[in-house]
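As structure tokens, the structure follows; a few thoughts come after it.
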Amino acid sequence: MMPGFLVAYVRWVEGFNRRIGKVAMWSLYLLMGVLLWGAVARAAWAPQVWTDEMAQFLMVGYFMLGGAYALQQGSAVRMDLLYSGWSDRTRAAVDAVTILAIIFYLVVMLWGGTESLQYAIDTAERRRGLWRPYMWPIKAVMLLGLGMMLLQCTAFLIRDIAKLRGREI
């Protein structure tokens, strides 16, 4: 039996990532609106300097905030040559080992991202171009997305360990 706090952690993480992921899915409509506004403005009166960069920021937000939900739903690409033929316990064992590599990668990314966000805040970093938006908001969104993916990967690890112990969460 897995400790109750681990089961609660897995359920909380998956619920949180599911809710944020669904909100991120709806942000595509906002992205389409910005792109439509930019296209209409270019054709009708004058190009808007902010639409292209805002669309890029929205796309990054969509990608980063939806990443943990995509992982949760099994939307990630997996090499299925051998994996599909393995038993559930073998899959759990292999997943538990490989998820450690992903967790290490995400921790390194969070570390670097935190330093980058701190630099952006300290120096009031702006993107080059005509609009020149501040960079800290999108860097904060990227860090949130990385954190969500790290939480989801730890939830996967807990699920895999439970499966190896003969329990399902």
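Nothing in this text is a laboratory measurement; each read-out follows from the coordinates by a stated rule. These numbers were taken from a predicted model, which means no experiment stands behind them.
If you find the alpha carbon centre of the range 1-61 and of the range 93-153, how far apart are they in angstrom?
16 Å
Given the options Leu65, Leu151, Leu100, state which has the largest fluctuation in a GNM of the chain using a 10 Å cut-off (strictly under) for Cα springs.
Maximum fluctuation in the GNM of the chain, among the listed residues, is at Leu100.
With each run of n ≥ 4 DSSP H residues scored as -39500 (n - 2.57), what mean residue ellipticity at 222 nm is computed for the chain after dividing by its residue count and rounding to the nearest 500 deg cm²/dmol? Show your work: numbers first, answer last.
Numbers: 5 runs with 132 residues, N = 169.
So the calculated ellipticity at 222 nm is -28000 deg cm²/dmol.
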